[in-house]
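A quick write-up on the structure given underneath.
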Amino acid sequence: MTRKLTKVAIVGTTSWGITLAVILAKRDIDVRLWARTEEEALRLRENGPDKRQFPGLVFPTSLRVTSNLEEALSGADALLIVVPSQRVRQNIKLVSRYLESQTLIISAAKGLEAGSDLRMSEVISQEIAPELRGNICVLSGPNLYQEIARGLPAATVIAAADESVAKRAQKIIQGDGFCVYTNTDVVGVELGGALKNIIALGAGMVDGLGLGDNAKAAFITRGLTEMTAFAVSLGASPLTLAGLAGLGDLIATCASPLSRNHRLGFELAKGRTLDEATSSMNGVAEGVATLKVVRDMAKDMKLEMPTTENLYSVLYEGADPGKVIRNLINAHGKNELSGKRWKLASLFSRR
């Protein structure tokens, strides 16, 4: 009897979408990468991935690029949504009528939707049939695509409300050199992936200003505390923020020059405008949109978020990065776990 190949559909010809498509196809999974136009599909079929982004990378034979959604999704065991967060809704609307009862729906987008303040799993839930909502998973962790595309080892987290659903997705995604852990804290895993991009903008500014590793360590650590306070206020476990989807992703994004958000912050510290910095980048720095959403949410929640508020002043109000970052690092200290409407002190107090 012939073994049925696992079939995975990927929506998003982004750098991360192409990377996931290749690493899955190398494991003899039937991968269908959906391109929005036939012109794009034909170019990818004929030329493969961009040689500047992916030097030496070729598409395995089990990876097929198509512009036909029905062909991509028919019989799929899993669908990966790998597009910028502000485009998740329009893409899930396009694919929703092709989804089948067995298809896992995995979001690999890291951000919050502007206007609704929703996490990506919540956006997807609104646009699919109610009976399919239990199939939603989220993928997040320290996953710089350039390293994974080169075959370097990495780890990530797949989260779903039901552990058995997360384990199904884990079996599909996990492979040699790409370790996948499961979690049922969907809120924490999604917010970790979204919020770290904000802190990475500031870490890039610290580096651009040449303030040193001590200052950067202080900035990142205070940023993590702020991330945790925000996430816990929305129902996340603080332990999730201390794991791969929180601290792990934060380290990679704040430390690596491969990070778009770090690079954007670095350029802003060097005097470039937001428009100049973003227009010169390949891909989307998710922290830009997420920063505005989180800042507005924090104000509504009356939650003290000094890092977020000060970075907002740089990106959206023209404040000087040098003054803002120095003021944040030199702020008068108080209890590390204190802040207006924070719940952290009670969570970690001695009993």
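Figures for the structure shown
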quantity	calculated
Dipole moment magnitude, nearest 20 debye, the chain about Cα centre, only Lys, Arg, Asp, Glu C-beta charged	520 debye
Tilt relative to the chain, helix 186-209 - C-alpha long axis, 0 to 90 degrees, to 10	60 degrees
Cα Rg, Dmax (largest Cα-Cα span) when computed across the chain, Å	20.2, 70
Hull volume in cubic angstrom per residue (convex hull over the Cα atoms of the stretch 7-184)	108 Å³
Tilt relative to the chain, helix 163-173 - C-alpha long axis, 0 to 90 degrees, to 10	70 degrees
Degrees separating the helix 15-25 axis from the principal Cα axis of the chain, which is the longest one	40 degrees
The stretch 37-105: relative contact order as a whole-number percent, Cα under 8 Å and 6+ apart	31 percent
The chain: relative contact order in percent, alpha carbon pairs under 8 Å with at least 6 residues between	14 percent
All lysines inside 29 Å of K26 as judged from Cα atoms, apart from same-chain residues fewer than 8 positions distant	K4, K7, K51, K110, K167, K171
For the stretch 7-184: relative contact order, % (alpha-carbon pairs under 8 angstrom, 6 or more apart)	19 percent
Fraction of antiparallel bridges per DSSP, the chain only, in percent to nearest 5	15 percent
For the chain, calculated [θ]222 nm from helices alone, where every DSSP H run of n ≥ 4 adds -39500 (n - 2.57)	-14500 deg cm²/dmol
The stretch 64-72 - phi-based ³J(HN,Hα) in whole Hz, Karplus 6.51/-1.76/1.60, Gly and Pro as x	10, 9, 9, 9, 9, 5, 5, 5, 5
Nearby aspartates and glutamates by direct alpha-carbon distance to K340 (threshold 14 angstrom, same-chain neighbours under 8 apart not counted)	E226, D300, E304, E309
Taking the convex hull of Cα positions in the stretch 43-145, its mean projected area over all directions (nm²)	7.8 nm²
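Coordinate-derived values only; no laboratory data. Predicted model only: the values in this text are computed from it and were never measured. Because the Cβ atoms are built from the backbone with ideal geometry, glycine has one as well, and the counts that use them run over all protein chains shown.
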